[in-house]
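Below is one structure; the comments refer to it alone.
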Amino acid sequence: MIYKLCAAIAFIGASNALTVAPPAVSSFSTLHARPAAAPLAPARANIAMLDTKRASGVALTGDTLQAALKMRTDTSGAGYAIYWANVNGILVVAGDYVTDGHKAELRQMGRKSSYAQQSETYALPTTGDGPVATVLKTQKPIFIKDVQKSTMLRKDLAKTYGIAQVAFAPFEGGVLEYGTSTGRATADWRELPECPTMPKATMRKAFENLGASYCLFWERDGDEYVCIADFLTESRRKALALARGDDKSFASVSRGQRLNAKGEGPVALAARVGKEIVIDSAMMDGVMKRATLAKEYGIKRLHLVPTNEGVFEYGTPADAFLSGPLMEASLKMRCDTSGAGYAMYWKEVEGKLVIAGEYVTPQRQETLRKLNKKASFAEASQKITIDVGSDTPFARVMQTDAPVFIQDVKTCTTMDRAGLAAEYAIGSLCLIPVEGGMIEYGTSCEESQCTANWNSVEDACTAVMPRGEMKRAFENGATHVIFWKLVDGQYVCGADYVIPERIRALKGKGIDTSYTTESEEMSFAADGPGPVATAARSGAEIVIENPDMNPAFKRAAIAKKYGVGNIHFVPCKDGVLEYGSAWTS
């Protein structure tokens, strides 16, 4: 479910009020029937009451949101789950999930939609006294044992779709709703179900930064660990189905495994030592019971993260790596946000790290020309390979999936290119793990001041780009991405990228500017009603399908000028990611 600003927010005259109308059909649901009209609760909020606070907790979008919803149904026995987000004083459905078992029940009932999908047409004021608004205000869960005996606004809708019991709980700045059916596909709760809390910050890191394709949750049952919840990304499901011809995955076959809680396996060990364990495919044999399965399903690296209630596992496939616009954007935007002068993507190929991509900022290129350098440090490093098993900072990143910061490269004794770094006046560098390898980026130490000056890893890692969302953007035809960061109460452009085809198309028409370059000069108040601030406050993705026709959109004229449409605003850990599409020919 994506909350669409074009359908959901209509600004009224000169007043600062807004009206919320039904959002569009969920993009997550497999039931594609258009929802029938449903009664809307009063939905008007005063913009003057908006504050600058971002949504508390983890921003739930994309695979992180889908995993959180699916795993709640797994651990509770629910047939559906809905995430309600607070969008400028209005609670709207930001995401929903329906189990396969409940979908089968609905088909038997002759239903082409679901209660979760139909709930997308509701907009609930946060000032209301219903269960969703009450949970948001009190931050305490509510359990409705029999919906038909309640005063719930959607009681009739629940009856139509066979919903029996409903639970509501505070959830990462919004409200999680999940419930059972009158059939046999779900549990029958006597009281509010106790469910383990998924580590959603870890989930976000897994899917957005490390390219994870699945996650599992292991719970101890006596002397064994059993998997009680799982999630597989849609892209991985499709890839496996195409390659294997069935619906199996490493996540699905792991659900039937029982692991010795007192053994030396990674799940038991992570729980015992209370620390995250990372296992590469080369280390799995003799250590992990599922080693053969991991190889069969192409799992390259596993992470086991202990929690108070069990062990959370996620993994990345061997064929996950950066390429094309995603790689190019990751390198450029890393320089933009950190002040680095260059960035390189080191890709692991058969135990060796090789450079698969590079970027040098225009400012750094100009400095190199003044120094009479015919190449850059990145270009001069092209022929170098690094053994992932060596005693180097690069190998350490691969072994731990944690960043490494080197403040003075030329004096680093474990850095093979220390001499080369000195020749090109490289000052500091940072290595961060990404799918398929790592990104190296660094600063210069000459007096040109064309880069930032880092004193710590925090200086080098001021913002992390949500690559999972960026990948989804480019797969859906995005021609630009912009990262908006909060500075002194204003959202300003912290990084951007435009695909080469779009740049060529503009230049072919004699245009040297773009929607992105003009957006760089703009800023938006964090307490304002615009889509950037709204996405940050609500923790929900906002979409404007026709920005050029929306007078309330501050950049409508710019969007029209450059033919940009279908603009998405996605909240992330360090700001808001915007992306949209435009003509490329």
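Quick look at the values:
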read-out	value
Net length gained if the chain between Ala239 and Ala422 were fully extended (0.36 nm per residue, minus Cα distance)	61.4 nm
FRET efficiency, 1/(1 + (r/R0)^6) with R0 22 Å, evaluated for Val273 and Asp387 via beta carbons	0.20
Reachable aspartates and glutamates from Lys159, criterion Cα separation under 14 angstrom, eight or more residues apart if same chain	Glu105, Asp146
Column: log10 I(q)/I(0), Debye, Cα scatterers of the chain, q = 0.05 Å⁻¹	-0.23
Sorted largest first, extent of segment 467-581 alpha carbons per principal axis (Å)	39, 30, 24
Calculated [θ] (222 nm, deg cm²/dmol) that DSSP helices of n ≥ 4 give over the chain, each run adding -39,500 (n - 2.57)	-7500 deg cm²/dmol
Neighbourhood charge, 15 Å Cβ-Cβ cut-off, centred on Ala229 and excluding it, Lys, Arg +1 and Asp, Glu -1	-4
Set of aspartates and glutamates near Lys560 by C-alpha distance (under 20 Å), chain-local residues within fewer than 8 positions excluded	Asp496, Glu501, Asp512, Glu518, Glu520, Glu521, Glu545, Asp548, Glu578
R0 of 60 Å, Cβ-Cβ distance Gln365-Thr292: FRET efficiency to nearest 0.05	0.75
Two-site FRET efficiency, Arg396 against Lys145, from Cβ-Cβ distance with R₀ of 60 Å, rounded to 0.05	0.65
Pairs from Lys248/Lys573; Lys275/Lys573; Lys352/Lys471; Lys374/Lys471 whose Cα-Cα separation, in the structure shown, is over 29 Å	Lys248/Lys573; Lys374/Lys471
Listed pairs Lys103/Lys145; Lys70/Lys485; Lys332/Lys507; Lys295/Lys383; Lys112/Lys561 exceeding 32 Å between Cα atoms	Lys112/Lys561
Aspartates and glutamates with Cα under 15 Å of Lys205, excluding same-chain neighbours fewer than 8 positions away	Asp63, Glu276, Glu313, Asp401, Glu435, Glu469, Asp574
Segment 206-230 residues near the modelled Arg258 label - backbone nitrogen below 12 Å, point 7 Å along Cα→Cβ	221-227
Karplus 3J(HN,Hα) series, Hz, for segment 253-261 with 6.51 cos²θ - 1.76 cosθ + 1.60 (x for Gly, Pro)	6, 6, 4, x, 8, 10, 10, 5, 6
Net charge over other residues, Cβ less than 9 angstrom from the Cβ of Val253 (K, R count +1; D, E count -1)	+2
Where labels lie 7 Å past Cα in the beta-carbon direction, separation of Glu501 and Thr197 in nm	4.5
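Read-outs throughout are calculated quantities, based only on the coordinates presented, and are distinct from any laboratory measurement. Just so it is clear, the structure is predicted and the values come from calculations on it, not from any experiment. Because the Cβ atoms are built from the backbone with ideal geometry, glycine has one as well, and the counts that use them run over all protein chains shown.
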